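Have a look at the structure below, then the notes.
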Amino acid sequence: MNCNDCKNDMHQLFDESADKSLIASLKNHIEACQSCSAEFDEMQNVLTTLHPKIEINAPLLLKQNIFNDLNKNNINVKEGKVKHMQLSPFIKRVMAVAAVIMAIIISIFFFDKNDTSGNTAKAASSFFENSILANDLVKNMIIKFSVHTEPKDNFELIGTEYNMVEHTIIKSFDKPEKWRVEKPGRIVLFDGNNQYLWIPEIKEAVKGPENAGFIDWMKILLEPSSILWKEEAEAKSNSSKITMKESQGKLYVTITSKAQGNFLNDYMKNKSINESDNRREYVFDNKTKLLKGLKIYLLENKKETLILNIENIDYDVAIDPSAFAITLPAGVEWKELNLAVTNENFSNITSKRAAELIFAAMAKNDFDSDKEVWAQFNFVTKKIMKSKYGGLQLIKIGESFKSGNYPGEFIPYEIKLKDGTNRKWKLALRNDNPNKVWMVDGGL
Amino acid sequence: MEETYDRNIFDELEKVITEFQDQLFRFAFFRTGSLADSQDIVQDVFVIFFKNQKHTSTIHNVKHYLFRSISNACTDYQRKKKNHFESIEKISDSILLREKDASHHLLMIEEFQRIENILKNVPDEQAEIVRLRVLDNLSFVEIAELLAQPVTTVKSRFKYGIDKLKLVLHPKNKLYEL
């Protein structure tokens with residue numbers, strides 16, 4: 001082979017199907033010829049220059065979008081009554097991962113640019129939709145976490161003065177979705193139709209509608225793949241700061257936000273996550289990109305306290321179906337939560353006046369004449385109320401005030417109980433019901 | 001109208017997507033310069049491929065079918081679009097570039113611009129064969145099938161294209177040749 005032949009056929013070296021004897025001749029010549037060797041190097045340099053310097057691969061959402069597209073076209077899998085596609089665990093994982101990643105990217109973009117107009121908002125909306133869709137792709141999960149709170153009190157309550165109380169969330173994403181949130185003194189369960197609140201110690205068994213606020217802020221943890229979407233929506237109106245970093249196989253998303261609500265009176269400050277200055281540190285597994293942990297720090301006077309800590313989240317593990325049922329003890333029945341009560345004595349008056357009437361009734365040991373006021377209390381709790389507060393003496397009552405996000409009002413009071421002890425506290429009354437009837441909500 | 005498909009077809013589709021999505025996306029991206037449009041094009045190709053599966057149960061060469069489809073879709077795209085490629089300034093108005101945190105997307109677009117700036121120095125038919133061989137990693141035989149051209153023509157165009165690019169990338173050679 002001479003130099004001209006070599007230069008003419010040199011490109012054959014980049015063809016796997018080229019004649020093997022030709023390739024051998026070309027290689028032999030190039031090894032022996034400095035000029036052709038230089039020519040070959042130049043050719044290789046051109047190809048190297050043309051090669052992308054970074055990986056260019058399909059977006060993670062592509063596969064999900066294809067299946068979504070097929071779904072939109074009413075294309076279904078022939079398999080019993082299943083109307084939606086059954087995807088393999090691999091695809092499910094890929095979709096969930098993609099949704100979370102895109103939610104993060106878009107969230108950060110939103111916060112950085114504070115731009116919700118035009119294409120950006122449209123695209124973000126699309127990504128968030130995908131994020132929500134990803135909820136369907138994890139079959140179930142179990143979250144174990146601890147909160148500084150009171151075991152028997154509502155799930156919203158937090159406070160540095162309380163001990164850490166263990167909580168568990170069990171969620172099944174199969175339709176209809178079911179979940180259970182539990183701490184030692186309180187269980188809330190959703191069976192796909194209704195929420196059920198069970199407080200064993202006082203045998204309180206309340207059946208509420210699908211959207212009953214029995215778990216308040218913790219709802220966000222029920223849908224881990226849309227957490228960032230919800231956080232984004234929350235933060236947009238509250239000037240929260242969001243940062244993201246990767247370290248040692250983990251992806252950390254941190255949101256720092258201010259307490260929400262009216263704090264002219266700071267009585268409710270730091271009594272719930274939303275009503276506190278806090279920093280929320282979400283942890284995603286860098287391999288699976290699924291939510292693996294959350295730490296919430298209460299920020300108070302330059303001091304920070306770990307107030308909520310998710311230790312572990314397990315996805316797609318076996319769940320006993322009995323987790324989504326509560327068996328009540330004999331003699332206890334579910335009481336429908338009915339807030340559509342009517343009582344003219346307790347509507348169209350101030351909360352302070354309502355408090356005065358309530359204390360006057362308790363002084364007379366009368367918990368039945370205006371029973372609607374006690375609609376949120378069951379037989380057992382009313383019995384406890386009667387034994388403790390019946391026959392009380394009202395010493396002082398203060399001006400009502402609002403605080404934080406609480407929909408009702410607080411009325412400071414001082415009473416003397418029949419056992420001779422004095423009690424100074426704040427009665428919580430709310431009238432955010434259809435007929436605006438003031439009801440006792442707490443503070444006793 | 002609602003259509004019902006056998007589960008096996010979905011499983012097959014999943015395998016095909018997994019195997020070819022990156023190659024097809026790269027193909028579309030280096031023809032459109034747009035991440036969003038490339039995604040749409042690839043998505044459409046797979047959806048059509050899936051629908052055709054029911055009626056044309058035997059596609060002998062899936063890779064060839066998909067590359068032919070994506071190539072046709074990109075040609076249609078370019079035909080519809082007055083400006084063949086978006087300028088970097090124009091792209092910068094799009095959502096993807098405005099996501100400054102998604103720096104990988106920006107790098108992808110910069111890579112597209114860099115490579116296109118090199119390839120614009122050679123005739124389109126040669127540039128396309130260089131793209132197919134270098135960027136899409138198709139063999140000369142596959143390129144010949146895709147373009148319905150003899151393998152010898154494909155190889156020649158590749159050679160001429162590379163020879164011209166050597167002159168462009170190494171101006172000393174140009175002086176020497178002149």
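The values are calculated or read from the model by the stated rules, or taken from the named source; none is laboratory data. Everything quoted here is computed from the prediction, not taken from an experiment. As a convention, Cβ positions derive from the backbone with ideal geometry for all residues, glycine included, and neighbour counts pool all protein chains shown.
Looking only at segment A:256-279, which residues are buried (at least 21 other Cβ atoms within 10 Å of the Cβ) and free of Cβ contacts under 8 Å to residues at least 60 places away in the same chain?
Within segment A:256-279, A:Ser257, A:Asn278 meet the criteria.
Taking segment A:251-271, which residues are more than 20 Å from the chain's Cα centre (by Cα) and in a strand (DSSP E or B)?
Listed by number, the list holds a single entry, A:Asn262.
Taking the conditions exactly as written (at pLDDT 85 or above, within 28 Å of B:Glu12 (Cα to Cα) and β-branched (Val, Ile, Thr)), does B:Val42 satisfy them or not?
yes
When segment A:167-192 is examined, which residues are found to be over 25 Å from A:Asp441 (Cα atoms) and surrounded by fewer than 16 Cβ atoms within 10 Å (Cβ to Cβ)? I'd like the intermediate steps shown before the answer.
Going through segment A:167-192, the residues over 25 Å from A:Asp441 (Cα atoms) turn out to be A:168-179, A:191-192.
The answer is A:Thr168, A:Asp174, A:Lys175, A:Pro176, A:Gly192.
Count, please, the residues in segment A:301-337 that happen to be within 23 Å of the chain's Cα centre (by Cα), in a strand (DSSP E or B) and not β-branched (Val, Ile, Thr).
Of the residues in segment A:301-337, 8 are within 23 Å of the chain's Cα centre (by Cα), in a strand (DSSP E or B) and not β-branched (Val, Ile, Thr).
Give the residues of segment B:1-20 that are crowded, with 18+ Cβ neighbours inside 10 Å, at pLDDT below 80 and facing another protein chain (nearest Cβ under 7 Å), sorted by residue number.
The answer is B:Tyr5, B:Phe10, B:Glu14.
Given the structure, is B:Leu119 within 10 Å of chain A (Cβ to nearest Cβ), at pLDDT 90 or above and in contact with a Leu (Cβ under 8 Å, 6 or more places away or on another chain)? I'd like the intermediate steps shown before the answer.
Numbers: within 10 Å of chain A (Cβ to nearest Cβ): yes; at pLDDT 90 or above: yes; in contact with a Leu (Cβ under 8 Å, 6 or more places away or on another chain): yes.
Answer is yes for this residue.
Within segment A:125-155, which residues are in a loop (DSSP other than H, G, I, E, B), at pLDDT 90 or above and not polar (S, T, N, Q)? Write out each step before concluding.
Of the residues in segment A:125-155, the ones in a loop (DSSP other than H, G, I, E, B) are A:138-139, A:149-155.
In the following step, the residues that additionally are at pLDDT 90 or above were identified as A:149-151, A:155.
A:Glu150, A:Pro151, A:Phe155 - these are the residues of segment A:125-155 that are in a loop (DSSP other than H, G, I, E, B), at pLDDT 90 or above and not polar (S, T, N, Q).
Please work out which residue is surrounded by the most Cβ atoms within 10 Å (Cβ to Cβ), limiting yourself to segment A:6-56 and to residues that are of a type in the set (Val, Ile, Thr) and more than 8 Å from chain B (Cβ to nearest Cβ). Can you show your working first?
Here is the first cut: in segment A:6-56, the ones of a type in the set (Val, Ile, Thr) are A:23, A:30, A:46, A:48-49, A:54, A:56.
Still in the list and also more than 8 Å from chain B (Cβ to nearest Cβ): A:23, A:30, A:48.
On the way: A:Ile23: 15, A:Ile30: 20, A:Thr48: 10.
So, considering only residues that are of a type in the set (Val, Ile, Thr) and more than 8 Å from chain B (Cβ to nearest Cβ), the one surrounded by the most Cβ atoms within 10 Å (Cβ to Cβ) is A:Ile30.
Read through the list (1) buried (at least 16 other Cβ atoms within 10 Å of the Cβ); (2) over 37 Å from the mean Cα position of the chain (by Cα); (3) part of a helix (DSSP H, G or I), then give the number of the only condition that A:Phe367 fails.
The number of the failed condition is (3).
Within segment B:21-48, track down each residue that is surrounded by fewer than 22 Cβ atoms within 10 Å (Cβ to Cβ) and among the charged types (D, E, K, R).
Hits for segment B:21-48 are B:Asp22, B:Asp37, B:Asp40, B:Asp44.
Taking the criterion of being touching a residue at least 40 places away in the same chain (Cβ under 8 Å), buried (at least 18 other Cβ atoms within 10 Å of the Cβ), farther than 30 Å from A:Pro412 by Cα and of a type in the set (Ser, Thr, Tyr), would at least one residue in segment A:314-322 satisfy it?
Filtering segment A:314-322 down to residues touching a residue at least 40 places away in the same chain (Cβ under 8 Å) leaves A:314-317, A:319.
Still in the running and buried (at least 18 other Cβ atoms within 10 Å of the Cβ): A:315, A:319.
Okay, now just the ones that are also farther than 30 Å from A:Pro412 by Cα, so A:315, A:319.
This time we only want the ones that are of a type in the set (Ser, Thr, Tyr), so: A:315.
Among the residues of segment A:314-322, at least one is touching a residue at least 40 places away in the same chain (Cβ under 8 Å), buried (at least 18 other Cβ atoms within 10 Å of the Cβ), farther than 30 Å from A:Pro412 by Cα and of a type in the set (Ser, Thr, Tyr), which makes the answer yes.
If a residue has to be under 19 Å from the mean Cα position of the chain (by Cα), hydrophobic (A, V, I, L, M, F, W, C) and in a strand (DSSP E or B) to count, how many in segment A:171-202 make the cut?
Final tally of qualifying residues: 6.
Condition check: at pLDDT 85 or above and surrounded by fewer than 16 Cβ atoms within 10 Å (Cβ to Cβ). Does A:Ser347 satisfy that? Before you say what the answer is, go through the steps one by one.
Working: at pLDDT 85 or above: yes; surrounded by fewer than 16 Cβ atoms within 10 Å (Cβ to Cβ): no.
Criteria not met by A:Ser347.
Show the residue pairs meeting these rules: Cβ distance below 8 Å; 6+ apart or different chains; first residue within segment A:1-21 and more than 14 Å from B:Asp163 (Cα to Cα) and among the hydrophobic types (A, V, I, L, M, F, W, C); second residue loosely packed, with under 12 Cβ neighbours inside 10 Å and modelled with pLDDT of 85 or more.
Taking only residues 6 or more apart or on different chains, the pairs are A:Cys3/A:Ser35.
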